[in-house]
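Report on the following structure.
The values are calculated or read from the model by the stated rules, or taken from the named source; none is laboratory data. If you're wondering where the values come from, they're calculated on a predicted model, not measured in any experiment. Cβ coordinates were reconstructed from backbone atoms using ideal geometry, including for glycine residues, and neighbour counts include every protein chain displayed.
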Amino acid sequence: MTRYNAQRLYRPTKRPRFLKWSTASLLLTCLAGTAAAEPLKVCFLYSNPIGESGWTYQHELARKELVAVMGNKISTKFVENIAEGPDAERVVRNFVQDGCKLIFTPSFGFMEPTLKVARTAPKITFMNGTGYKTAANVGTYNARWYEGRYLEGVIAGHMTKNNVVGYVGAFPIPEVLQGVNAFALGMKSVNPKAQLRLIWVNAWYDPGKERDAANALIKLGADTMAYATSGVSIVTTGEEKKVYTLGYYSDMSKFGPSTNLTSITQNWGNFYIKVVNDVLAGQWKPESVMGGLNDGIIKLAPLNAAIPAEVHTQIEAMGKEIASGQRQVFSGPVRDQQGTTRVPAGQNISANDLANMNYLVQGIEGLMPKN
């Protein structure tokens, strides 16, 4: 072998330029594929313990449904039992620092903390439940709970024996006032003699206060009760005292098998799936979403066998009418406790007046709390 041939044998071969380009292209493709496959991190902030029923429990069921449907396209985390206020802001900021790209904060009291953090994180998508303020990266979602409340009021009007029905209010915000007023209107529509006695507890979840309020209403003569809080104490008290109850948020029949007549249930799974798909597709917009009977976000749980068959039929028909828009809950005349006409005869309440409701209708015994 000549020296020349030996040098040729051991000389490093130059890699063709097209091979360099191919390798670089392959590397970029792999990196792009890795980035595209990174799951969307979706985070949830809960105001109450998850428990076995209620507001937070239903949102947790929806989160689990979301995970089951979306698979490895997303990852999720949640923090429960966080007070509305500074603690909420702290947790939402931690979500942002932890890489959350879509943050759900389902509580009215989380609205301001959500907006405050959102201003510092414009690339993150926020959805606040039951709030009313939006921003470029903040949407809101809520439900027309008053549709179900009206139906519960009709049931209460039929089922009360002594024409005294109790109601435990949480906070005097429009959502809660819509509910108690719709309940009273539904009750009065079938039983003009019935009176609704209202007690405020100024809490979303406080088992002790809820139980005390239920016992106080029973002492005032209530033989049927409804409520706007998130615990089970009112239902269990009703079962113990043989007083009918009408539940909220979850199907409460297991806590009052003989006395719980039905419950308004919330079902957020399909909504959460839609929001995540919109974010993944780059189609999300900061809207204010309002669900109801028509889209299944709220439903009535199966009616108790204690309710007469003719009332079953009436409730089914009314529910269809409300869902289709044929029946309006706040159709005039609607008057407040002082006799002032809030919705004139022949008219329906305006969207603005509904969203800013700040009064109690005639037929309710109880006062608006003072600020």
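Here are some notes:
- Residue in region 332-341 that is among the charged types (D, E, K, R), closer than 26 Å to P192 by Cα and loosely packed, with under 11 Cβ neighbours inside 10 Å present: no
- Looking only at residues of region 87-126 that are of a type in the set (A, V, I, L, M) and part of a helix (DSSP H, G or I), we find that the one that is nearest to the chain's Cα centre (by Cα) is M111.
- For F171, the conditions (1) in a strand (DSSP E or B); (2) more than 20 Å from N267 (Cα to Cα); (3) aromatic (F, W, Y) all hold with the exception of (1).
- Filter result (of a type in the set (A, V, I, L, M), more than 20 Å from I50 (Cβ to Cβ) and out of contact with any Lys or Arg (no Cβ under 9 Å at 6 or more places or on another chain)) within region 83-128: V96, A118
- Taken together, the residues in region 307-324 that are free of Cβ contacts under 8 Å to residues at least 24 places away in the same chain, under 29 Å from K274 (Cα atoms) and small (G, A, S) amount to 0.
- Among the numbered conditions (1) free of Cβ contacts under 8 Å to residues at least 60 places away in the same chain; (2) part of a helix (DSSP H, G or I), the only one that S263 does not meet is (2).
- Some residue of region 268-286 being under 19 Å from G169 (Cα atoms) and in contact with a helix residue (DSSP H, G or I) (Cβ under 9 Å, 6 or more places away or on another chain): no
- Near pairs, Cβ below 6 angstrom, 6+ apart or cross-chain, from region 294-306 (at negative phi and in a loop (DSSP other than H, G, I, E, B)) to any residue that is of a type in the set (S, T, N, Q) and surrounded by 17 or more Cβ atoms within 10 Å (Cβ to Cβ): I297/N267; A301/T262; A301/S263; A301/T265; L303/T262
- Cβ-Cβ under 6 Å pairs, at least 6 apart or on other chains, region 281-293 side over 14 Å from N142 (Cβ atoms), far side assigned to a loop (DSSP other than H, G, I, E, B) and modelled with pLDDT of 95 or more: P286/T134
- Looking across region 352-369, the residues that are assigned to a loop (DSSP other than H, G, I, E, B) and surrounded by 15 or more Cβ atoms within 10 Å (Cβ to Cβ) come down to M357, Y359, L360, Q362, G363, G366, M368.
- Which listed residue, of E60, E147, is crowded, with 20+ Cβ neighbours inside 10 Å, of a type in the set (D, E, K, R) and either under 15 Å from the mean Cα position of the chain (by Cα) or assigned to a strand (DSSP E or B) (or both): E147
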